[in-house]
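To start, the structure itself, in structure tokens.
Every number in this text was worked out from the coordinates using simple rules, so none of it is lab data. What you see is a predicted model, and the numbers here were worked out from it, not measured in a lab. Neighbour counts run over all protein chains shown; Cβ positions are idealised from the backbone, glycine included.
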Amino acid sequence: MSETQRILILHGGLLVLLFVLQFVLPAYHHGNLARIMVLATYAVGYNILFGYTGLLSLGHALFFAAGMYGMGLTIQHAGFTPAPALLVGLVAGALVSGALALLALRTAGVAFMIVTLMFAQAGYLTILYFGEYTRGDEGFVIQQAQRVLWGIDLSDPTNRYFAAWGLFGICLLISLWLVRAPFGRTLVAIRENEERVRMLGYDTFAHKLTAMVISGTIAAAAGAFYGLLFGYAGASFASVQYSIFPLLWVLLGGAGTVLGPFVGTLFMFYLIDLSSGITTAYMLIAGVVLVALTLFAPQGLTGELRRRVWRWLP
């Protein structure tokens, strides 16, 4: 069996498994997995920039919120239906990520991280400042009647699950195709040695700009779908916390692996969920486990699997 066949079977098998789980999971885990798939999509976008291009961003909550509010505000105040509202969310994410890339990519290293963090905080404060429209920290609910896409009620648990599955599946396959294409391999080369890639004649700025726009657009898609599927948009999704989360998910799952974002999101979601059922100090348990993983599995769960067993994992 060729490497390509193994890769397609593994990733296709995951999507088939997630599809089948819709019919067998109890209601609680059914809802959790729908949420995890949307958040894992967010992590997939982050992984393209951080895991494959080597750019550490602390501002991805800005793109997630751009998609969420681009979708939510047009439904609330402009009377848009979900389809065009989702498109607005995607465009908003692409424009914001492109604008930020043009500014932030003039820096490198720690400076890049700080610039992205500053702009994300500016976005968060903007949401609070225009509370008359965004309702600030309180946020706003997207009513059930406003969540009907092409006649499909996305507030229904089954429809919500399949919408989350479709979003995650599309973005996972895009990520898989991207990192195996010449463009993706160039991003990895930039991560490893940007100066050498530049000497070979590649326009590294254009590649990083494109990677950031793709990453931001996928993050915006996750934000738009999260707001639509779960019926809520709030300023907390633009906070620093939601810039740190995808970094943790990617690091835990394995930066620079296609499946890492999903594995990391699933692991951290249930780690916190199970810990909170044991004690009110659940973050202490979660913190100890995360530190242990960092020490004994520095490449993340999927990364260690690739290092030890399946070296062909993309």
Study note, to complete from the structure: quick shape note, the chain: Cα extents on principal axes in Å, largest first -> 52, 45, 41
**Study point:** Over 22 Å [Cα-Cα, the stretch 31-169], rounded percent
**Key:** 45 percent
Check your understanding: Quick one: Cα centre-to-centre distance for the stretch 165-201 and the stretch 106-124, in angstrom?
Key -> 22 Å
Revision key, fill the gap. For 173-184, 48-59, ranked highest to lowest by mean beta-carbon neighbours within 10 Å, the order is 48-59, 173-184
Review point. At a Förster radius of 35 Å, what calculated FRET efficiency corresponds to the Cβ-Cβ distance of Arg308 and Glu138, to the nearest 0.05?
Key: 0.15
Point to revise | Cβ-Cβ FRET estimate between Ala206 and Trp177, R0 fixed at 22 Å, reported to 0.05 | key: 0.70
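What number, rounded to the nearest 500 deg cm²/dmol, is the helix-based mean residue ellipticity at 222 nm of the chain, given -39500 (n - 2.57) per DSSP H run of at least four residues and division by all its residues? Walk me through the numbers on the way to the answer.
Details: 13 runs with 229 residues, N = 314.
The helix-only estimate for the chain comes to -24500 deg cm²/dmol at 222 nm.
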Check your understanding: Looking only at Tyr46, Tyr124, Tyr69, which one moves most when the chain is put into a Gaussian network model with springs between Cα atoms under 10 Å?
Key -> Tyr124
Point to revise | Relative contact order, percent, the stretch 25-239 [alpha-carbon distance under 8 Å, six or more residues apart] | key: 44 percent
